[in-house]
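K.L.:
This is the structure I want to talk about, given as structure tokens.
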Amino acid sequence: MKKIKVTMYFPANIITKPVTYHLVKDYNLMVNILNADVSLNKVGKLVADIEGKEEDIDAGLAFVKQAGADYEIFSKAIIWDEESCVHCGACTAVCPSGALQMDKNDWRLTFDREKCLMCELCVKACPLRVMRIKNGELD
């Protein structure tokens, strides 16, 4: 099994097509939608984790293109230098996915990489620069 994170872009003319439905039903993929901004008559954007056999993922992404949408596979990651972090929480104020949160028990920062959308806002918000971008293949 392979897991990737993708951003899919839907032109306004195909917003009503059930693309993610077909990824699940026809290509045996597990699709976990992390963020979506899809409205009628507007370009839509969907960020999702897609999990399945590599050949099913490849076939599913080919279907996305054939349906008239486009996609981008995440090829970077946010790295958190936890030892240098002072847990000020500045990054939590800009994190749209809730991947960065303050633990209510000890007020230490927590980072859920599975929720991260790689928007890079935390990198810009961190006063100590303990958040950075790693380019290359994701683990």
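K.L.:
Just to be sure before I move on: is GLY44 under 28 Å from VAL123 (Cα atoms) and surrounded by 13 or more Cβ atoms within 10 Å (Cβ to Cβ) in the structure I sent?
P.N.:
Working: under 28 Å from VAL123 (Cα atoms): yes; surrounded by 13 or more Cβ atoms within 10 Å (Cβ to Cβ): yes.
Yes; evaluated as a whole, the condition is true for this residue.
K.L.:
Any chance you could count how many residues in the range 1-37 are among the hydrophobic types (A, V, I, L, M, F, W, C) and over 18 Å from CYS119 (Cα atoms)? Explain how you work it out, then say what you get.
P.N.:
Narrowing the range 1-37 to residues among the hydrophobic types (A, V, I, L, M, F, W, C): 1, 4, 6, 8, 10, 12, 14-15, 19, 23-24, 29-31, 33-34, 36.
Those left that are additionally over 18 Å from CYS119 (Cα atoms): 1, 10, 12, 14-15, 19, 23-24, 29-31.
Going through the range 1-37 one residue at a time, the tally reaches 11.
K.L.:
Which of the numbered conditions does HIS87 fail, given that it passes all the others? Conditions: (1) modelled with pLDDT under 95; (2) at positive phi.
P.N.:
Condition (1) is where HIS87 drops out.
K.L.:
Let me ask something else about it. So which residues in the range 113-135 are within 11 Å of the chain's Cα centre (by Cα) and without any contact (Cβ under 8 Å) to a residue 40 or more places away in the chain?
P.N.:
At the first step, the residues of the range 113-135 found to be within 11 Å of the chain's Cα centre (by Cα) are 113-119.
ARG113, CYS116, CYS119 - these are the residues of the range 113-135 that are within 11 Å of the chain's Cα centre (by Cα) and without any contact (Cβ under 8 Å) to a residue 40 or more places away in the chain.
K.L.:
Given ASP26, ASP56, which one is among the acidic types (Asp, Glu) and crowded, with 18+ Cβ neighbours inside 10 Å? Break it down stepwise before answering.
P.N.:
Details: ASP26 fails: crowded, with 18+ Cβ neighbours inside 10 Å.
From the options ASP26, ASP56, the qualifying one is ASP56.
K.L.:
More than 30 Å from ILE14 (Cα to Cα), crowded, with 17+ Cβ neighbours inside 10 Å and modelled with pLDDT under 95, is that true of ILE78?
P.N.:
Numbers: more than 30 Å from ILE14 (Cα to Cα): yes; crowded, with 17+ Cβ neighbours inside 10 Å: yes; modelled with pLDDT under 95: yes.
Against the criterion (more than 30 Å from ILE14 (Cα to Cα), crowded, with 17+ Cβ neighbours inside 10 Å and modelled with pLDDT under 95), ILE78 qualifies.
K.L.:
Somewhere in the range 71-94, is a residue within 22 Å of ASP26 (Cα to Cα), outside any helix (DSSP H, G or I) and not charged (D, E, K, R)? It would help to see each step written out before you state the result.
P.N.:
Of the residues in the range 71-94, the ones within 22 Å of ASP26 (Cα to Cα) are 71-73.
Narrowing further to those that are outside any helix (DSSP H, G or I): 71-73.
Still in the running and not charged (D, E, K, R): 71, 73.
Within the range 71-94, one or more residues are within 22 Å of ASP26 (Cα to Cα), outside any helix (DSSP H, G or I) and not charged (D, E, K, R).
The values are calculated or read from the model by the stated rules, or taken from the named source; none is laboratory data. If you're wondering where the values come from, they're calculated on a predicted model, not measured in any experiment. All Cβ positions, even for glycine, are placed from backbone atoms using ideal geometry, and neighbour counts span all protein chains on display.
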